[in-house]
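Take a look at the structure below.
Bear in mind these aren't lab numbers, they're just calculated from the coordinates by the rules spelled out. Being a predicted model, the structure only gives us computed values, none of them experimental. Quick reminder, even Gly has a Cβ in these numbers, built from the backbone with ideal geometry, and neighbours come from all protein chains shown.
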Amino acid sequence: MKNLFYFLDAFNLPVTLPIEYFGIEKIILLVNNKYYKRYDINIFKEYILDEFPNISLIIESFKKYSEINSIILKYSDENYGYFDGDINVNEMVLFSNSDYIDSRLVLSENNTLLYEFKKNNVVEHYLGDYEYEVDDLVGSFGGSIYSEDSQTFSTQGVRDYIQWISSNYDYFEKLNHNVFKRVKIFINDQKHLDSSMVLLSRVNDYTQYLLINLLEYLKDKNYINYHLSKDKKSLYINYHDQGLKNVMKKPGIWLEAKIYNVLLSMGYFDEVKAGVEFFWNKDSPLC
């Protein structure tokens, strides 16, 4: 039986690496009654058992650090102790009792190495390109993602719209101020979700010219269709690209869409999510 001794922490995600790498079968969670409340344990337990449903989890609570020695001695199998990159009192206590632990594990997240300190030597384990997903990070804090706009912002229609804005920002600023942000001019009918109406009678000729210029650009790329009313006082836009529809109907989020696509294009990030709304466990440390 491979046991891992671990002090309950606010950030539980890194401990999943040694659990998976060494095939840990049992976690002995060390809980200081003075500093941690019951809800912290429940969040950790729910997260770990969801990630590793076959693992055993034992909670060992203590009042004084002097009790750690006797707790470790209760487990005579192959014992590991996990330390993250930040030295604190909990880790110093576990380290001071490490004579009774077969391996001490220290994770270096900067170079993706897991250092295993044995009795007489140090072994470096390369973890490879192990990637945390945003869902994992949120889950480790006792939350879940309710909704996000990442897929919406990823459509080609949105990318081309953002490119037009970047190339014609002065024109867009006038359109945004005089049309898109005016709810009595740029009207989104809840009964017709794939369309918008613009009251041209309330827009000056120059602004109308800029608007038609943008709409012709989007129409040529088959992202929209538009037509005028018989009296030419109203203009109707029909959207073919769902992402573009959402961004144009909510003019305040175009900048968020731009930042999202810029971050993706940089190539520095493994995963980017935008417009995220969360469900948080009421006991989460982030609430």
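When only Cα pairs under 8 Å and 6 or more residues apart are kept, what is the percent relative contact order across the range 152-266?
Relative contact order for the range 152-266 comes out at 33 percent.
Any idea how far apart Lys181 and Met1 come out in nm if each label point goes 7 Å out from Cα toward Cβ?
About 6.4 nm separates the two model spin labels.
Between Ile27 and residues 5 or more places away or on another chain, which pairs have amide H atoms under 5 Å apart, with H built 1.01 Å from N, and which residues are they?
Close amide H contacts, sequence-distant or interchain: Leu4, Ser56, Leu57, Ile58.
What is the distance in Å between the Cα centres of the range 193-214 and the range 163-180?
About 12 Å separates the Cα centre of the range 193-214 from the one of the range 163-180.
At 7 Å along the Cα-to-beta-carbon direction for both Lys219 and Asp50, put a label point, then send me their distance in nm to one decimal.
In this crude label model, Lys219 to Asp50 measures out at 4.8 nm.
So, counting K/R as plus one and D/E as minus one, what does the shell of residues with Cβ under 15 Å around Ser166 add up to?
-2
Taking just the alpha-carbon atoms of the range 152-266, what radius of gyration and Dmax come out, in angstrom?
13.5, 48
Sort 241-251, 210-220, 58-68 by packing, meaning the average of other beta carbons within 10 Å per residue, with the highest value first.
241-251, 210-220, 58-68
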